[in-house]
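The values are calculated or read from the model by the stated rules, or taken from the named source; none is laboratory data. These numbers come from a predicted model, not from an experiment. Virtual Cβ from ideal backbone geometry, glycine too; neighbours counted across all protein chains shown.
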Amino acid sequence: MGTLLRGLAWDHRRCWGPLDASVAPYRAAHPDVEIVWDRRSLYEFGEGRIEDVLARYDLVVFDHPFVGDVAARGLMLPFDPYLPDEERRRFEADSVGGSWPSYAAHGKQWALPIDAAAQVASCRPDLFSAYADRFPTSHDEVVALGRRLRADGKWIGLPMVPTDAMCLVLTLAAGAGDPIGEGGRFLARAAVERIVAQLRELAALSHPRSAEWNPIRCYDHMVATDEVVYVPYAFGYVNYAARAEAPHLRFGDIPHPEARGALLGGAGIGISAFSAAPRAAAEYALFLCSADYQRGDYVIHGGQPGSRAAWTDAAANAATRNFFRDTLATLDRSYLRPTHAGFIDFFRDATHRAAAAIAGELAPAAFADWLDARYRVSLVPAEPAESPA
């Protein structure tokens with residue numbers, strides 16, 4: 001009898017495109033393996049309960065902040081038995097920024113980086129050239145550009161749904177070198193007050209619908225209308241740079257000195273602890289994350305690879321209007337948020353308060369105090385749960 005592998009992706013072509021495309025060539029070389037990919041929403045990928053889906057799948061594409069809970073509760077199987085030393089060294093050298101270590105916990109590797117991302121800047125190049133000859137490199141330059149755009153009836157964009165609002169707080173903190181999560185506190189009150197003031201200043205110059213937008217909605221609006229010219233911070237999507245239709249987007253580094261501090265995103269692929277075929281699942285995952293597949297078919301079918309070899313590949317950049325080359329500095333200097341067990345619950349609880357603080361509905365000092373108190377709760381180890389049978 002053959003082996004059936006069922007995987008769970010998130011519902012955007014950047015994720016499912018290269019996964020669906022991989023099935024036929026992989027099955028041609030492994031005719032005894034059948035592969036089915038299902039999809040879930042972007043929200044469920046970033047904030048949903050991963051334990052609610054694992055029982056039905058062999059492989060799950062997930063966000064790295066879940067790794068602490070995954071490791072503490074034994075929700076997935078580590079890749080270590082399937083990673084010879086040479087292969088491990090290859091993955092370590094092939095990492096984009098902190099993508100490889102972001103899936104490590106308790107001395108084990110719980111996922112392979114299949115997709116790499118961070119908050120980056122973007123523009124409509126056909127419109128942007130009328131206002132500037134380069135991307136801004138500081139907050140003050142973004143504000144100055146935003147004022148020029150407003151004087152002409154146009155806007156900057158700033159995706160600020162609650163999840164992205166909290167991501168903005170982390171990016172601005174990391175970019176400024178503010179200690180995050182040190183000494184039992186999350187952020188100093190003065191840092192939070194400065195960050196909220198900066199984000200309120202940007203929000204005042206941003207398109208009125210920015211508070212309703214995640215990056216995808218923002219980018220969709222940018223290519224559908226001529227209203228939004230520039231975005232200083234949003235998770236990059238290669239699909240909008242590579243699109244054949246006009247207009248397209250150009251991506252570049254965030255407006256921080258040395259392009260530092262952007263919140264690391266991306267996705268890993270992990271083996272469910274419930275899988276009946278873990279070795280077959282690991283072998284398929286290793287194929288998907290191999291440098292050859294990542295810089296070839298993975299890019300061709302709309303993916304945003306986790307392999308550094310793809311980000312530096314000339315053909316991959318030519319096919320994506322240099323999306324990878326133009327944002328790699330930001331990815332390499334990106335910020336890896338805490339991944340301890342309990343952090344994802346803290347982050348989930350913080351998102352709406354971050355949005356309220358930026359909207360002027362919550363005082364920055366009160367937001368800072370709440371962050372510290374809730375973060376301390378997240379550091380208290382939960383009662384150990386039994387590993388799945």
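Looking at LEU77, LEU83, LEU59, can you tell me which residue is of a type in the set (A, V, I, L, M), more than 28 Å from ALA329 (Cβ to Cβ), out of contact with any helix residue (DSSP H, G or I) (no Cβ under 7 Å at 6 or more places or on another chain) and in the same structural domain as ILE269 (by TED's automatic domain parsing)? Steps first, please.
Working: LEU77 fails: out of contact with any helix residue (DSSP H, G or I) (no Cβ under 7 Å at 6 or more places or on another chain); LEU59 fails: out of contact with any helix residue (DSSP H, G or I) (no Cβ under 7 Å at 6 or more places or on another chain).
The unique qualifying residue is LEU83.
Does ALA197 qualify as being in a helix (DSSP H, G or I), in contact (Cβ under 8 Å) with a residue 60 or more places away in the chain, among the hydrophobic types (A, V, I, L, M, F, W, C) and not assigned by TED's automatic domain parsing to the domain that holds TRP16?
Numbers: in a helix (DSSP H, G or I): yes; in contact (Cβ under 8 Å) with a residue 60 or more places away in the chain: yes; among the hydrophobic types (A, V, I, L, M, F, W, C): yes; not assigned by TED's automatic domain parsing to the domain that holds TRP16: yes.
Judged against the criteria, ALA197 is a match.
SER129 fails exactly one of the following numbered conditions: (1) over 18 Å from LEU264 (Cβ atoms); (2) polar (S, T, N, Q); (3) within 23 Å of the chain's Cα centre (by Cα). What is the number of that condition?
The failed condition is (3).
Which residue pairs have Cβ atoms closer than 9 Å, lie 6 or more positions apart in sequence or on different chains, and pair a first residue in segment 122-139 that is of a type in the set (Phe, Trp, Tyr) with a second residue that is assigned to a loop (DSSP other than H, G, I, E, B)?
Note: pairs meeting the criteria are PHE128/PHE135; TYR131/ASP152; TYR131/LYS154; PHE135/ASP253; PHE135/ILE254; PHE135/PRO255.
Within segment 118-191, which helices (runs of 4 or more DSSP H) (wholly inside it) include 2 or more residues that are at pLDDT 95 or above, basic (Lys, Arg) and assigned by TED's automatic domain parsing to the domain that holds HIS207?
Hits in segment 118-191: 139-151.
Given ALA356, ALA310, ALA365, ALA316, which one is within 19 Å of the chain's Cα centre (by Cα) and assigned to a helix (DSSP H, G or I)?
ALA310
Specify which of the listed residues (ARG321, ARG333) is within 23 Å of GLU258 (Cα to Cα), in contact (Cβ under 8 Å) with a residue 24 or more places away in the chain and within 16 Å of the chain's Cα centre (by Cα).
ARG333
Filter segment 224-234 for residues that are out of contact with any Asp or Glu (no Cβ under 8 Å at 6 or more places or on another chain) and either buried (at least 24 other Cβ atoms within 10 Å of the Cβ) or free of Cβ contacts under 8 Å to residues at least 40 places away in the same chain (or both) and give the result.
ALA224, THR225, VAL228, VAL229, TYR230, VAL231, PRO232, TYR233
Being part of a loop (DSSP other than H, G, I, E, B), at pLDDT 95 or above, surrounded by fewer than 16 Cβ atoms within 10 Å (Cβ to Cβ) and of a type in the set (Ser, Thr, Tyr), is that true of even one residue in segment 96-111?
no
Out of segment 19-42, which residues are touching a residue at least 60 places away in the same chain (Cβ under 8 Å) and exposed (fewer than 13 other Cβ atoms within 10 Å of the Cβ)?
Hit for segment 19-42 is PRO25, nothing else.
Identify, from the list ALA341, ALA350, the residue that is buried (at least 17 other Cβ atoms within 10 Å of the Cβ), outside any loop (DSSP other than H, G, I, E, B) and not assigned by TED's automatic domain parsing to the domain that holds PRO25.
ALA350
I'm trying to understand the selection: among the residues of segment 133-156, which are of a type in the set (Asp, Glu) and closer than 11 Å to HIS256 by Cα?
Selection gives ASP140, GLU141.
Taking the stated definitions as given, is ASP349 charged (D, E, K, R), closer than 22 Å to GLY265 by Cα and at pLDDT below 95?
So ASP349 does not fit the description; no.
Since SER99 meets every condition but one in (1) on the phi < 0 side of the Ramachandran plot; (2) touching a Lys or Arg at 6+ places or on another chain (Cβ under 8 Å), which condition does it not meet?
It fails just one condition, (2).
Enumerate the pairs (first residue in segment 369-380 and closer than 12 Å to LEU187 by Cβ; second residue anywhere and crowded, with 16+ Cβ neighbours inside 10 Å and aromatic (Phe, Trp, Tyr)) with beta-carbon separation below 6 Å, excluding pairs fewer than 6 apart on the same chain, so at least 6 apart or on different chains.
Once the first residue is closer than 12 Å to LEU187 by Cβ and sits in segment 369-380, its partners that are crowded, with 16+ Cβ neighbours inside 10 Å and aromatic (Phe, Trp, Tyr) give LEU371/PHE186; ASP372/PHE186; ARG374/PHE346; TYR375/PHE186; TYR375/PHE346.
Picking from LEU172, LEU199, LEU187, LEU149, which residue would you name as being touching a strand residue (DSSP E or B) at 6+ places or on another chain (Cβ under 7 Å) and of a type outside the set (S, T, N, Q)?
Details: LEU172 fails: touching a strand residue (DSSP E or B) at 6+ places or on another chain (Cβ under 7 Å); LEU199 fails: touching a strand residue (DSSP E or B) at 6+ places or on another chain (Cβ under 7 Å); LEU187 fails: touching a strand residue (DSSP E or B) at 6+ places or on another chain (Cβ under 7 Å).
Result: LEU149 is the single residue among LEU172, LEU199, LEU187, LEU149 that is touching a strand residue (DSSP E or B) at 6+ places or on another chain (Cβ under 7 Å) and of a type outside the set (S, T, N, Q).
Among the residues of segment 54-76, how many are closer than 24 Å to ARG217 by Cβ and outside any helix (DSSP H, G or I)?
3
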